[in-house]
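The next block holds one structure in the form of structure tokens; read it before the comments.
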Amino acid sequence: RFYKKQMLKVTIPKENILICNKLEEFLSVFPLSKDSDRIQVITKDDNIYVAYLTDSNSRLKQTFFDLQIKDNVCDILGFGITKEYKLKGHGRSLYNVVEKFSSFLNCKSIITVSSGEGNLFWPKMGFVNYSSNSTKSQKVL
């Protein structure tokens, strides 16, 4: 479950709280970040799952990212900017948060699968496709 940044009412492993606090620090420079936004950190086996979600009732009106970190690689499972905030630099700003956070977790690279608008966005962030017919791309940190 997601928890609001200011309402930690469940027992959370100390490592997850430290990861969450560091992500909050990185998000503090993201222009759309608010105290009502939600962060989820789950550690399972050798994986860290991280989700960030703006506080909105509709998934269509949310800015978000979903990450899986394993073996020093950050896999961006989902990434989106609310429609009204697109083409205003917020995607780049949110991606910069993901990159700084990934570096903090000692990731050596970030990978993602491009589709739709991502086919234009990810190359601008420095991602390179694995091959000419692949939708999977990578950025070495």
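The values are calculated or read from the model by the stated rules, or taken from the named source; none is laboratory data. A quick note: this is a predicted structure, and the numbers were derived from the prediction, not measured. Quick reminder, even Gly has a Cβ in these numbers, built from the backbone with ideal geometry, and neighbours come from all protein chains shown. Surface accessibility is based on the protein's heavy atoms, side chains included, excluding ligands, DNA and RNA. Shrake-Rupley method; radii C 1.70, N 1.55, O 1.52, S 1.80 Å.
Assorted remarks:
This table checks each residue for (1) under 24 Å from P13 (Cα atoms); (2) touching a residue at least 24 places away in the same chain (Cβ under 8 Å); (3) surrounded by fewer than 17 Cβ atoms within 10 Å (Cβ to Cβ).
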{"position": "F64", "(1), (2), (3)": "yes, no, no"}
{"position": "K70", "(1), (2), (3)": "yes, yes, yes"}
{"position": "L77", "(1), (2), (3)": "yes, no, yes"}
{"position": "G126", "(1), (2), (3)": "no, no, yes"}
{"position": "Y130", "(1), (2), (3)": "no, no, yes"}
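- Of L87, L53, L94, L67, all but one fail to be closer than 20 Å to K124 by Cβ, of a type in the set (A, V, I, L, M, F, W, C) and modelled with pLDDT under 90; the exception is L87.
Conditions tested, residue by residue: (1) outside any loop (DSSP other than H, G, I, E, B); (2) farther than 29 Å from N133 by Cα; (3) aliphatic (A, V, I, L, M).
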{"residue": "L23", "(1), (2), (3)": "yes, yes, yes"}
{"residue": "P31", "(1), (2), (3)": "no, yes, no"}
{"residue": "I39", "(1), (2), (3)": "yes, yes, yes"}
{"residue": "Y49", "(1), (2), (3)": "yes, no, no"}
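- Residue in segment 105-124 that is open to solvent by less than 80 Å² (accessible area, probe 1.4 Å), closer than 17 Å to C20 by Cα and either in contact with a Ser or Thr (Cβ under 9 Å, 6 or more places away or on another chain) or of a type outside the set (F, W, Y) (or both) present: yes
- Complete set of residues in segment 26-41 that are exposed (fewer than 15 other Cβ atoms within 10 Å of the Cβ) and touching a helix residue (DSSP H, G or I) at 6+ places or on another chain (Cβ under 9 Å): V29, P31
- Failed item in (1) open to solvent by less than 60 Å² (accessible area, probe 1.4 Å); (2) at pLDDT below 90; (3) touching a Ser or Thr at 6+ places or on another chain (Cβ under 6 Å), with I12 passing the rest: (3)
- Selected residue (criterion: farthest from E24 (Cα to Cα)) from residues of segment 89-124 that are among the hydroxyl-bearing types (S, T, Y) and either in contact with a strand residue (DSSP E or B) (Cβ under 8 Å, 6 or more places away or on another chain) or in contact (Cβ under 8 Å) with a residue 60 or more places away in the chain (or both): S114
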